[in-house]
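Each remark here refers to the structure printed beneath this line.
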Amino acid sequence: MQLYELNLRDYCNIFLKRKFLIIISFLVVFLSIFTYTNLQTPVYSASVLVKIDQSLNIPEMIFPSNMRYRMGGEAETNLADCTRQIISRPVLEMAAKSLGLIKDGIPDSEKNEVISAISVKVTAAEIDKTSMIRLQVSSKDPQSAADLANKIAEAFKKMSREQKNQQAYNVRAFIEKTLEDISKKLREQDERLRDLTMRGAVGTGVNIVNQIYELEKKRDDLMTRFTKRHPEVVQLDQQIVETKGTLKSLPKEEFEYGILKRDITIDEALYTNLKQKLPEAQIKEAEKVDNVLIINPAITPRAPSYPDKGKNYAAGIVLGLVLGVAMALITENIDTSIGRVEDIENFIKVSVLGVIPFCSRKDESTHGGKGRWGKLPGAFIKYLKRGPFAKAKNRKDIKCEVLISALDQSSRSIFLEAFRILSINIQVLFGKGEKIRNKAILITSCNPEEGKSIVSCNLAMIMAQMGYRTLLIDADSRRANVHKIFGLKTKEGGLLDILMGKAEFDSVIRTATDIMLGETDAGQVIDRPWLNNLNILTAGAVFPNPANLFNSEKMDELLNHCRKRYDLVIMDTSPVLAVSEPSILMPKVDGVLLVYKAGSTSRLALRRAKIQVESIKGPGSLSGIILNNVMPEVGVDTYYYYNKRYYGEKEIPAEAKEKNV
């Protein structure tokens with residue numbers, strides 16, 4: 001759980017810290033989409049734009065609206081019906097036949113399979129606010145897609161033309177048949193009218209019939225506005241009844257004569273109208289009406305419509321970055337380790353005394369001198385090759401607490417500067433503004449492999465350079481490393497030998513002479529007179545239970561003797577959470593320093609180590625934290641004071657180099 005709000009710089013630090021996770025996530029997503037896209041079979045799409053001309057509607061052009069229902073015609077073409085018709089089975093079958101996909105005489109099952117395969121590839125949609133339809137055909141072959149789209153459009157046009165021409169033929173035939181029927185009916189009505197006239201009918205009932213017709217028409221008009229009980233409607237009903245009564249009172253011949261005369265008038269009007277429409281219908285039939293226009297024929301597509309590589313690659317880039325950033329934030333959120341100075345200080349309320357930067361072999365070569373290992377002493381090189389980094393010897397870079405060449409006083413290494421800052425902070429902490437006198441400090445860690453031994457050795461050399469009489473004690477008897485780091489021949493004859501009474505203090509102390517006689521280049525030691533300020537007490541012989549020796553009065557006497565003889569005693573001990581020896585030694589020293597490997601050890605282990613120290617030595621007894629293996633991207637501002645452009649070899653004048661040498 002974070003104890004502070006993240007700002008833009010914090011996010012940048014997180015992304016730098018998790019850059020490999022982001023890169024891997026990005027590559028996984030992008031390469032997956034890239035591979036999937038390129039494995040897909042390309043699909044090409046061809047489209048045809050078809051316009052439906054609704055102005056060429058035969059019934060609307062020939063008949064008035066009150067007569068169209070008699071022919072079964074519609075007033076306008078339905079665009080949705082045309083959209084469905086263009087991909088209908090008859091149209092697809094006609095197109096397949098024109099392409100040779102369906103041959104005469106094939107079984108219906110094979111024909112259905114061909115039409116079903118085509119229908120899957122074809123789609124049609126109306127274009128909003130227009131009378132046009134877009135027909136689209138998809139196929140693995142670009143030429144096949146274009147040919148099929150054009151053939152379907154032509155088949156639809158042909159079928160629509162045939163339907164419209166059939167409609168024009170039906171209209172003309174209907175008019176001719178209706179004229180023939182009306183003509184026959186009028187002849188019959190004329191003969192009956194002559195017969196009634198010969199019987200004495202003079203047409204008295206004609207006026208009465210016309211009057212009844214007008215009254216009924218007026219009543220129908222009133223019924224659109226009023227009900228049957230309206231006074232005007234009631235009055236008209238009464239008049240109609242009376243008029244019909246008058247008509248019925250006439251002779252039978254006069255009654256029939258009036259009705260027949262009215263029918264003849266209506267049929268003559270209809271006959272005249274149809275006689276006028278017949279030539280127009282004949283002209284429309286001869287014109288071969290075509291209301292389907294192909295606006296844009298399909299052309300062979302050059303690029304596939306599926307997969308859309310540009311869109312897929314863009315999506316892969318976006319999704320890869322999103323996933324990478326998300327993974328980085330999630331990993332950072334669930335990561336229980338701490339890599340920032342302010343996080344550590346806020347979490348356990350203990351000051352960070354030193355920040356030791358991350359080191360790689362490239363950095364060593366840049367700052368240490370020639371070759372892969374630079375000017376590192378031979379003993380240090382051998383330790384690195386056979387020590388905890390032996391498994392990583394084939395890697396280009398090593399995350400490390402690599403021992404810097406503190407023997408090289410002219411070194412401007414960022415690591416040397418880090419230890420110098422650490423030494424100044426220790427001097428302020430234990431010297432109270434003055435030189436440290438007769439102090440013993442213990443350096444431990446939460447877990448193994450956090451670099452406490454290398455930190456102890458470097459710190460001891462830096463303190464010796466500053467003029468302090470320094471004693472480095474290897475109290476980690478289980479995994480002694482101090483003698484390996486300094487290239488001493490053996491760890492025998494050391495701390496445990498003194499505690500067991502097998503050796504005297506002065507006889508087992510290692511000095512610059514022992515370092516020179518070991519695996520370190522003697523020339524480097526001779527030119528470093530300050531090494532006389534540094535003494536080393538190795539771990540000594542193996543003892544089955546060193547905790548008993550550390551808890552003895554002999555250990556108290558030894559530490560008191562060392563305090564009187566040296567300005568500063570540095571004890572490199574085992575991890576505090578792993579074994580009991582550090583807990584035994586803590587009450588006997590003046591301060592406890594905890595080495596914490598940034599981004600590796602969990603914060604819970606760090607808190608537990610602090611509790612362990614304070615439960616033994618008292619509240620506030622943990623003197624400080626040494627943050628080791630700090631990467632530039634973890635957000636430790638102190639690291640940027642070690643910028644290579646400031647401390648790098650390129651900024652050192654040649655005269656200064658010669659003077660330092």
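The values are calculated or read from the model by the stated rules, or taken from the named source; none is laboratory data. Only a predicted model underlies this, so the values are computations on that prediction, with no experimental measurement involved. Don't worry about glycine lacking a Cβ; one is built from the backbone with ideal geometry, like all the others, and counts go over all protein chains shown.
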Which of the residues that make up segment 214-237 are within 24 Å of GLU256 (Cα to Cα), surrounded by 11 or more Cβ atoms within 10 Å (Cβ to Cβ) and not acidic (Asp, Glu)?
LEU215, LYS218, ARG219, LEU236
Report whether or not SER453 is within 14 Å of ASN628 (Cα to Cα) and at pLDDT 60 or above.
yes
Restricting segment 89-139 to residues that are among the basic types (Lys, Arg) and surrounded by 12 or more Cβ atoms within 10 Å (Cβ to Cβ), which is nearest to the chain's Cα centre (by Cα)?
LYS121
Can you pull out the residues in segment 571-624 that are free of Cβ contacts under 8 Å to residues at least 60 places away in the same chain and either closer than 22 Å to SER477 by Cβ or not assigned by TED's automatic domain parsing to the domain that holds LEU534 (or both)?
SER580, SER583, ILE584, PRO587, GLN612, VAL613, ILE616, LYS617
Suppose we filter segment 1-16 for residues that are part of a helix (DSSP H, G or I) and modelled with pLDDT under 75; how many remain?
3
Is there any pair linking a residue in segment 150-167 that is more than 16 Å from LEU99 (Cβ to Cβ) to one that is in a helix (DSSP H, G or I) and modelled with pLDDT under 90, with Cβ under 6 Å and at least six apart or on different chains, and which?
GLN167/ILE58
Among the listed residues LEU549, LEU568, LEU558, LEU496, identify the single one that is in contact with a Gly (Cβ under 6 Å, 6 or more places away or on another chain) and closer than 21 Å to GLU581 by Cβ.
LEU496
Does SER423 fit the bill of being hydroxyl-bearing (Ser, Thr, Tyr), modelled with pLDDT of 90 or more and assigned by TED's automatic domain parsing to the domain that holds GLY591?
yes
Answer yes or no: is there a residue in segment 426-437 that is farther than 24 Å from PRO546 by Cβ, under 55 Å from the mean Cα position of the chain (by Cα) and surrounded by 21 or more Cβ atoms within 10 Å (Cβ to Cβ).
yes
Examine segment 604-613 for a residue that is buried (at least 17 other Cβ atoms within 10 Å of the Cβ) and either of a type in the set (Ser, Thr, Tyr) or out of contact with any strand residue (DSSP E or B) (no Cβ under 8 Å at 6 or more places or on another chain) (or both), and state whether such a residue exists.
yes
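Would you say LYS51 is at pLDDT 85 or above and more than 30 Å from ALA303 (Cβ to Cβ)? Quick ask: steps written out before the conclusion?
Values: at pLDDT 85 or above: yes; more than 30 Å from ALA303 (Cβ to Cβ): no.
Considered against the rule, which asks whether it is at pLDDT 85 or above and more than 30 Å from ALA303 (Cβ to Cβ), LYS51 comes out as no.
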Of the conditions (1) surrounded by 16 or more Cβ atoms within 10 Å (Cβ to Cβ); (2) over 27 Å from ASP290 (Cα atoms); (3) of a type in the set (Ser, Thr, Tyr), THR178 satisfies every one except a single condition; which number is it?
(2)
